[in-house]
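I'd like to ask some things about the structure below.
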Amino acid sequence: MLYPTPSLTPADHDVLAEIETMRESLRHQIQSRPAKWAQGLRKFLTADAVAASNSIEGFRVSTADVQDLMDGERDVDVSDENRAETLAYRQMMTYVQTLHDVTHFSYHSSLLNALHWMLQGHRHTKRKPAGQWRGGPVYVTDPRDPTIAAYTAPAADEVPELMDELVAWLNTDDGTHPLVRAAMAHLHLVSIHPWADGNGRMSRSLQTLLIAREGVLAPEFSSIEAWLGRPGNTWEYYRELQRRGGTYRPDQDVSGWIRFNLTAYHQQAQTVQGRANRSTEVWGLLLAFTGPTGLDERMVSGLHDVAVVGRIRRSHYEQAEGLTRQQAQRDLRDLAAAGILESVGRTRARYYTAGPRFPEDVLEVARRPMTLSEPYGDAVG
């Protein structure tokens, strides 16, 4: 038995309408911007989602470092464990993103287990097998005290039947709003906890996949994983899951879970819209800056990353602009010689940050914090 999808309140419908308006507006904004700008934002949001979702599980790598690892950089100052977890999650998330427009698509156990292998294959052991349902009990410990089981998942012999039910539910259109179905899919999977490890990230990724399959936005703009990874929100996420009880009890009202997810969708849409607006403004200011100085317009993408991400490496700039290694190195050296950028580190570990002559108005815009509203009218969370 799965949790029944609760009926939406008038307030829920109002919040959903606001989310849809923001997402449609963002879709048009992205389509109207230069391809390089949109691709850069997509890459940043993917890295941000990977960094945030991994951080919930205790693997802490900054968004900038995740971007570097995604670009194939080897000299990134992270532990071997964090590197492995980042690259595994990035591989799985990349595949999830490619599924957004696949025709003749259907959910099935083999797909879910294949995704799990991408995520956990590097940790595969007999005791904690990857890519297959668990064979024993599993517990979620209390984040404040690991000796206490905050949740005990269904017995292992119940998992195959529960997962068959979930797959059948995923393949049935019951007329529920796609964002609500995505939230319910997350709750179903994380409650069943079908694998020995990696259930949280798999559940968040399944939610991202359902949102992406909706088709309004490219999948990079659809995930709420970055929102869930903010420390205060992570605590609320744990607390909301704990409200479901210490064991699997699907015969209960989960309206609170839906409201929590609608808040996440709304505030993540605000966040992405704010990033898009800020990137647009930064891009325009940099175009105005490079023109009179005689700098090549292709340098705008590199300067944009320095402003909004905080740094850039040669490999990232090279890939973004389709340059040779020598061209990218020359551009960045010239910008450093002019004082616009500042070189940090040596050889392969070198990256560039804003130098003393980087335009201050650009940095002011890039560093300006945004304010998020609470969709249900309470104090901002």
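Please go through the stretch 223-268 and give me each residue that is among the basic types (Lys, Arg), within 25 Å of Val138 (Cβ to Cβ) and assigned to a loop (DSSP other than H, G, I, E, B), ordered by number.
Hits for the stretch 223-268 are Arg243, Arg244, Arg249.
Which residue out of Arg278, Arg298, Arg314, Arg330 is over 29 Å from Ala49 (Cα atoms) and out of contact with any Phe, Trp or Tyr (no Cβ under 7 Å at 6 or more places or on another chain)? Let's see the steps before the verdict.
Numbers: Arg278 fails: over 29 Å from Ala49 (Cα atoms); Arg298 fails: over 29 Å from Ala49 (Cα atoms); Arg314 fails: over 29 Å from Ala49 (Cα atoms).
Result: Arg330 is the single residue among Arg278, Arg298, Arg314, Arg330 that is over 29 Å from Ala49 (Cα atoms) and out of contact with any Phe, Trp or Tyr (no Cβ under 7 Å at 6 or more places or on another chain).
Another question, if that's okay. Which number in (1) closer than 30 Å to Glu24 by Cα; (2) β-branched (Val, Ile, Thr); (3) modelled with pLDDT under 95 marks the one condition that Thr293 misses?
(1)
Just checking, how many residues over the stretch 163-191 are surrounded by 13 or more Cβ atoms within 10 Å (Cβ to Cβ) and in a helix (DSSP H, G or I)?
The total comes to 20.
Of the residues in the stretch 1-58, how many are hydroxyl-bearing (Ser, Thr, Tyr), assigned to a helix (DSSP H, G or I) and at pLDDT 95 or above? Explain how you work it out, then say what you get.
At the first step, the residues of the stretch 1-58 found to be hydroxyl-bearing (Ser, Thr, Tyr) are 3, 5, 7, 9, 21, 25, 32, 46, 53, 55.
Applying the additional criterion that residues be assigned to a helix (DSSP H, G or I) yields 21, 25, 32, 46, 53, 55.
Next, only the ones that are at pLDDT 95 or above stay: none.
Residues in the stretch 1-58 being hydroxyl-bearing (Ser, Thr, Tyr), assigned to a helix (DSSP H, G or I) and at pLDDT 95 or above: 0 in total.
Every residue in the stretch 322-381 that is at positive phi and of a type outside the set (Gly, Ala, Ser), please. Let's see the steps before the verdict.
So in the stretch 322-381, the residues at positive phi come out as 322, 339, 345, 347, 377.
Hit for the stretch 322-381 is Thr347, nothing else.
For the stretch 277-373, please list each of the helices (runs of 4 or more DSSP H) lying entirely inside it that holds at least 3 residues being in contact with a strand residue (DSSP E or B) (Cβ under 8 Å, 6 or more places away or on another chain) and closer than 28 Å to Ser32 by Cα.
299-308
Also, quick follow-up: Can you list the helices (runs of 4 or more DSSP H) found entirely within the stretch 62-128 that contain at least 2 residues being over 21 Å from Arg204 (Cα atoms) and touching a residue at least 60 places away in the same chain (Cβ under 8 Å)?
63-70
Can I ask one more? Given the criterion β-branched (Val, Ile, Thr) and modelled with pLDDT of 95 or more, identify the matching residue among Val254, Val308. Give the steps one after another, and end with the answer.
Numbers: Val308 fails: modelled with pLDDT of 95 or more.
Every option except Val254 fails the conditions.
Does Met370 qualify as being crowded, with 19+ Cβ neighbours inside 10 Å and either of a type in the set (Lys, Arg) or under 30 Å from the mean Cα position of the chain (by Cα) (or both)?
no
Name the one entry in Pro194, Pro160 that is over 16 Å from Val254 (Cα atoms) and surrounded by fewer than 15 Cβ atoms within 10 Å (Cβ to Cβ).
Pro160
Right, something else. Every residue in the stretch 283-317 that is surrounded by 15 or more Cβ atoms within 10 Å (Cβ to Cβ) and more than 24 Å from Asp75 (Cβ to Cβ), please.
Correct list: Trp283, Leu285, Leu286, Phe289, Thr290, Leu295, Arg298, Val300.
For Ile258, only one of the following conditions fails: (1) surrounded by fewer than 17 Cβ atoms within 10 Å (Cβ to Cβ); (2) within 30 Å of Ala150 (Cβ to Cβ). What is its number?
Checking Ile258 against (1) surrounded by fewer than 17 Cβ atoms within 10 Å (Cβ to Cβ); (2) within 30 Å of Ala150 (Cβ to Cβ), the one that fails is (1).
The values are calculated or read from the model by the stated rules, or taken from the named source; none is laboratory data. As the structure is a prediction and not an experimental result, all values here were calculated from the model. A quick note on method: Cβ atoms are made from the backbone with ideal geometry, for glycine too, and the neighbour counts reach across all protein chains shown.
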